[in-house]
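This report refers to the structure that appears directly beneath it.
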Amino acid sequence: MALTLPPLKSTRETPLALADIYAARQRLFHSSMATGVERTALVPSPALSRRFDAEILLKLETRQPTGAFKLRGASNLLAAVAEQAAGEAFERLQRGVTTASTGNHGRALAYAAMRRGLRAVICLSEQVPANKVRAIEALGELGGATGGSVEVRRVGRSQDEAFHEVNRLVEEEGMLAVPPFDDPLIAAGQGTIGLELMEDCPQLDQVLIGLSGGGLLGGIGAALKAISPETQVHGISLTEGAAMWHSLQAGTPVEVEEVASLADSLGGGIGLGNHTTLPLVRRVMDEHHQVSERAIARAMLMLLEEEKLLVEGAAVVGLAALEASRLGETDPALAESIRGQRVALIISGNGVSLETFDQARALLADAQQ
């Protein structure tokens, strides 16, 4: 059943074409400057395939050097600005790059900046787990070899508050802001996953993608709809703090209070000035589902047991949605719709701490009492 959403209240949109995604792939994999981005594997899961009576395929973005898909978008934007060799953005790039992040984008930008010998200032709210902060800080140790540097700044209780510091760095120090999702170059970089899905499984029927800021779903969806329009694109959000979903329903970007979650990297707003990912997601997403914390915890343990993959909550929201549907906790139509079909799950984000995993175990134990 197709989504019924109100028209957007603003007609401003930054389009994303298939040619943009192919250009991103050229920068990531075939340019003179090695980005470190990996073409990740799409692997079958016999155990999950039996469980859901479908061919379940796992796109393992956890195998990126920074553990998540975010490296694609960040590296593409830096490469695109660098190849201009002139102009305001290029001059800002030389002064350094900055962003606000829930963790994975910050780590990706720090890594990409290090490879180019650039200064990076990553602004994180207090919501970002300590293990993700440490992972970003550790990248600064590469600076001695490349000439780059990494600084982490903890700012405020939300990603929007962290962005205030980003804006200050842009205005006062002339740095280049690299948004986590709302930019066509970021979305194009993430869209290279869609090209790989089509090459590895041309007859792909459905794909389930975590939905937060929309760069991942928008980029992948743009590639899939251009190459294989019949492939169904499902977006998976949290039950609370789903800024993109509420914005789609409102027809305009809205602010949503951030809440703590096992899938912390799916938190945060989409930006009140969003002009890339909101219209893009609206155009390419066929279905939307929301998952509870309990469903996320169960999927984290399931993926560890069945595939020996220790991942963060955001990596398993597609699996969480399928299992909740199979058990009748949510609409059973999703689980029924995939039977006998080829279904890809985007597995991205290995930045989970043992403390967070213990929280997932405890949440399930409490629910079973």
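The values are calculated or read from the model by the stated rules, or taken from the named source; none is laboratory data. Treat the numbers as computed from the prediction; the structure is a model and nothing was measured. When we count neighbours, we look across all protein chains shown, and the Cβ atoms used for this are built from the backbone with ideal geometry, even at glycine.
This table checks each residue for (1) part of a loop (DSSP other than H, G, I, E, B); (2) in contact with a strand residue (DSSP E or B) (Cβ under 9 Å, 6 or more places away or on another chain); (3) of a type in the set (Phe, Trp, Tyr).
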| residue | (1), (2), (3) |
| --- | --- |
| Leu272 | yes, no, no |
| His275 | yes, no, no |
| Leu319 | no, yes, no |
| Leu322 | no, yes, no |
| Asp331 | yes, yes, no |
Residue list for the stretch 205-242, filter: within 14 Å of the chain's Cα centre (by Cα) and either in a helix (DSSP H, G or I) or surrounded by fewer than 21 Cβ atoms within 10 Å (Cβ to Cβ) (or both) | Gly215, Leu216, Leu217, Gly218, Gly219, Ile220, Gly221
Assuming Thr98 fulfils every condition listed in (1) touching a strand residue (DSSP E or B) at 6+ places or on another chain (Cβ under 6 Å); (2) under 24 Å from Glu287 (Cβ atoms); (3) among the hydroxyl-bearing types (Ser, Thr, Tyr) apart from one, which condition is it?
-> (2)
Assuming Ala113 fulfils every condition listed in (1) more than 28 Å from Val259 (Cα to Cα); (2) crowded, with 24+ Cβ neighbours inside 10 Å; (3) over 20 Å from the mean Cα position of the chain (by Cα); (4) not charged (D, E, K, R) apart from one, which condition is it?
-> (3)
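Go through the stretch 287-298 and count every residue that is within 18 Å of the chain's Cα centre (by Cα) and not polar (S, T, N, Q). Quick ask: steps written out before the conclusion?
To start, the set of residues in the stretch 287-298 that are within 18 Å of the chain's Cα centre (by Cα) comprises 287-291, 296.
Pick out the ones that are also not polar (S, T, N, Q) and you get 287-289, 291, 296.
Selection size over the stretch 287-298: 5.
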Subset of the stretch 164-186 (residues that are in a helix (DSSP H, G or I) and over 18 Å from the mean Cα position of the chain (by Cα)) | His164, Glu165, Val166, Asn167, Arg168, Leu169, Val170, Glu171, Glu172, Glu173
Screening Ile347, Ile296 for residues that are touching a residue at least 60 places away in the same chain (Cβ under 8 Å) and in contact with a strand residue (DSSP E or B) (Cβ under 6 Å, 6 or more places away or on another chain) leaves only Ile347
Leu301 assigned to a helix (DSSP H, G or I), in contact (Cβ under 8 Å) with a residue 12 or more places away in the chain and buried (at least 18 other Cβ atoms within 10 Å of the Cβ) | no
Can we say Asp200 is within 16 Å of Leu58 (Cα to Cα), among the charged types (D, E, K, R) and in contact with a Leu (Cβ under 6 Å, 6 or more places away or on another chain)?
-> yes
Working only within the stretch 17-56, note down all residues that are out of contact with any Asp or Glu (no Cβ under 9 Å at 6 or more places or on another chain), among the hydrophobic types (A, V, I, L, M, F, W, C) and in a helix (DSSP H, G or I).
-> Leu18, Ala19, Ile21, Ala23, Ala24, Leu28, Phe29
Residues (of a type in the set (Val, Ile, Thr) and within 18 Å of His234 (Cβ to Cβ)) located in the stretch 311-369 | Val316, Val317, Thr330, Ile338, Val343, Ile346, Ile347
Of the residues that sit in the stretch 132-154 and are surrounded by 19 or more Cβ atoms within 10 Å (Cβ to Cβ) and closer than 14 Å to Thr98 by Cα, which one is modelled with the lowest pLDDT?
-> Gly148
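Being under 15 Å from the mean Cα position of the chain (by Cα), farther than 16 Å from Leu48 by Cβ and either surrounded by fewer than 24 Cβ atoms within 10 Å (Cβ to Cβ) or outside the structural domain of Ser158 (by TED's automatic domain parsing) (or both) is the requirement here; does Gly318 meet it?
Values: under 15 Å from the mean Cα position of the chain (by Cα): yes; farther than 16 Å from Leu48 by Cβ: no; either surrounded by fewer than 24 Cβ atoms within 10 Å (Cβ to Cβ) or outside the structural domain of Ser158 (by TED's automatic domain parsing) (or both): yes.
Criteria not met by Gly318.
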Quick one: how many residues across the stretch 116-149 are under 18 Å from the mean Cα position of the chain (by Cα) and not in a helix (DSSP H, G or I)?
-> 7
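Mind listing just one residue for me: the one in the stretch 281-293 that is in a helix (DSSP H, G or I) and in contact with a strand residue (DSSP E or B) (Cβ under 9 Å, 6 or more places away or on another chain) and, of those, farthest from Phe357 (Cα to Cα)?
Of the residues in the stretch 281-293, the ones in a helix (DSSP H, G or I) are 281-284, 293.
From the residues that got through so far, the ones that are in contact with a strand residue (DSSP E or B) (Cβ under 9 Å, 6 or more places away or on another chain) too are 281, 284, 293.
Values: Val281: 30, Val284: 33, Glu293: 12 Å.
Among residues in the stretch 281-293 that are in a helix (DSSP H, G or I) and in contact with a strand residue (DSSP E or B) (Cβ under 9 Å, 6 or more places away or on another chain), the one farthest from Phe357 (Cα to Cα) is Val284.
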Single match in Arg339, Arg361 (criterion: in the same structural domain as Gly235 (by TED's automatic domain parsing), over 22 Å from the mean Cα position of the chain (by Cα), in a helix (DSSP H, G or I) and farther than 15 Å from His288 by Cα) = Arg361
Only one of Leu169, Leu109 that is at pLDDT 95 or above and within 23 Å of Ala23 (Cα to Cα) | Leu109
Pick from the stretch 155-174 the residues that are of a type in the set (Gly, Ala, Ser) and under 30 Å from Gly241 (Cα atoms): which of them is surrounded by the fewest Cβ atoms within 10 Å (Cβ to Cβ)?
-> Gly156
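Would you point out which residue out of Glu83, Glu61 is surrounded by 15 or more Cβ atoms within 10 Å (Cβ to Cβ) and more than 14 Å from Asp183 (Cα to Cα)?
Glu61
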